[in-house]
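Peer 1: Please see the structure below; I have some questions.
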Amino acid sequence: MIHNAHAKSGDQPYRVTLTDEQGHTWHADEPVADGGADTAPTPMQLVLSGLGACTAITLQMYAARKQWPLSYVEVDLRLNAEGKPADGNQITRSITLHGALDEEQRQRLLQIANACPVHKLLEGKVSIPTALAETEQA
């Protein structure tokens, strides 16, 4: 499956409108202290929310296939919660599983969380080839 997103800035400083080919629209912004209007999550919050959503969805899908009694999942994420490490960055993820699960099921779901697609993307090697597109002259 090909994933896509389009980002477009506008008149409001730092507010960006994000869209995809399916017609979804969402936004990013910066806090007032950084010159934005704080009308939407920051780009870093969007990255964290992608990991949180993927984790919850992956666990729900796995538990449903196994017919395990997982009611819902909560995922709390923090970027560099204890300060930026000397090498790279650290995302701390805490998962709360709700439902009558036994310890073996809980441990298996922890393994599955570590295999969610966004987790793999963030931990793997990512290349970002970038080019300037042709623009229309005003």
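Peer 1: Grab every C-alpha pair in the stretch 1-40, bin the distances at 5 angstrom width from 0 up to the longest one, and report whole percents.
Peer 2: Whole-percent P(r) values from 0 Å outward: 6, 24, 27, 18, 13, 7, 4, 1.
Peer 1: Now a separate question. Computed FRET efficiency, Cβ-Cβ of GLN22 and LYS84, R0 30 Å: what is it to the nearest 0.05?
Peer 2: 0.30
Peer 1: Quick one: net charge of PRO69's neighbours, Cβ under 12 Å, K/R +1, D/E -1?
Peer 2: Neighbour charge sum, excluding PRO69 itself: +1.
Peer 1: Once Lys and Arg get +1 and Asp and Glu get -1 on their Cβ, which of VAL73, ALA131, GLY88 lies farthest toward the positive end of the dipole of the chain?
Peer 2: VAL73
Peer 1: Pull up all non-local amide H partners of ILE91: gap of 5 or more, or a different chain, and H-to-H distance under 5 Å with H placed in the peptide plane.
Peer 2: ASN80
Peer 1: So how much slack lies between ALA64 and GLU123, counting 0.36 nm per residue of separation and subtracting their Cα-Cα distance, in nm?
Peer 2: Computed gain between ALA64 and GLU123 is 18.6 nm.
Peer 1: Amide H neighbours of GLY99 under 5 Å, at least 5 residues apart or on other chains, H built in the peptide plane: list them.
Peer 2: Under 5 Å from the amide H of GLY99 lie the amide H atoms of SER71, each far enough along the sequence or on another chain.
Peer 1: Right, here's the next one. Among 111-123, 19-31, 43-55, how do they line up by average Cβ neighbours within 10 Å per residue, starting with the highest? Mind dumping the intermediate values first?
Peer 2: On the way: 111-123: 14.9, 19-31: 12.8, 43-55: 17.2.
Descending mean neighbour count gives 43-55, 111-123, 19-31.
Peer 1: Taking 1 over the mean of 1/r across every pair of different Cα atoms in the stretch 25-138, what Kirkwood radius in Å do you get?
Peer 2: That comes to 16.8 Å for the stretch 25-138.
Values quoted throughout were computed directly from the atomic coordinates according to the rules given, and no laboratory measurement underlies them. Not measured: the values here are computed from a predicted model. Note that we place each Cβ from the backbone using ideal geometry, even for glycine, and neighbour counts take in every protein chain shown.
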